[in-house]
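All remarks here apply to the structure that follows.
Just so it is clear, none of the values below were taken in a lab; they were calculated from the coordinates. All figures in this text were calculated on a predicted structure; none of them were measured in a lab. Neighbour counts are summed over all protein chains in view; Cβ atoms, including those assigned to glycine, are modelled from backbone coordinates with ideal geometry.
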């Protein structure tokens with residue numbers, strides 16, 4: 001299972017549509033649930049909008065990477081390329097991969113394919 005923590009509805013629609021077309025197992029969850037859900041054995045990766053409005057993504061990253069049962073779950077973050085300070089904070093908090101929104105959008109199929117492959121084909 002791939003968890004998506006995204007509150008930008010337009011961007012979320014693109015992620016959902018791409019995952020559906022590819023048959024990638026995606027579940028959209030609110031930021032308040034990510035730490036608990038990430039502990040489930042079926043979770044193989046997390047897509048995290050670093051511009052969350054509900055709560056700071058860096059706090060989510062620190063909680064995930066600081067807990068033994070979730071520290072190894074890969075987190076792919078995306079953000080506006082002009083937000084260098086946020087990128088640096090996310091990297092320091094342990095985000096595994098950080099992409100500009102435009103690059104993330106362009107590479108979404110490949111990203112989901114990698115994640116789906118790590119799950120064992122769906």
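The overall shape of the stretch 23-76 is oblate: from the C-alpha gyration tensor, with semi-axes ordered a ≥ b ≥ c, the ratio a/c is 1.5 or greater and a/b is no larger than b/c. A simple spin-label model places the labels of residue 9 and residue 97 2.9 nm from each other, with each point 7 Å out along Cα-to-Cβ.
With both labels modelled 7 Å from their Cα along Cα-to-Cβ, the residue 65 to residue 27 distance reads 2.5 nm. One equal scatterer on each Cα of the chain, no solvent, Debye formula: the resulting log10 I(q)/I(0) at q = 0.11, 0.14, 0.15, 0.20 Å⁻¹ is -0.31, -0.52, -0.60, -1.13. Judged by the gyration tensor of its Cα atoms, with axes a ≥ b ≥ c, the stretch 54-122 is oblate; a/c meets the 1.5 cut and b/c is at least as large as a/b. Relative to the current alpha-carbon distance between residue 80 and residue 54, full extension at 0.36 nm per residue lengthens the span by 7.6 nm. When 15, 29, 98 are sorted by how many other C-beta atoms sit within 10 angstrom of their C-beta, beginning with the fewest, the order is 29, 98, 15.
Going from the residue with the fewest nearby Cβ atoms within 10 Å to the one with the most, 1, 115 rank 1, 115.
Going by neighbour counts of Cβ atoms within 10 Å, the residues 70, 97 line up, fewest first, as 97, 70. Applying 0.36 nm per residue to the separation of residue 88 and residue 105 and subtracting their alpha-carbon distance, the gain on full extension is 4.1 nm.
Give me the percent of DSSP beta bridges within the chain that run antiparallel, rounded to the nearest 5. Roughly 0 percent of the DSSP beta bridges within the chain come out antiparallel.
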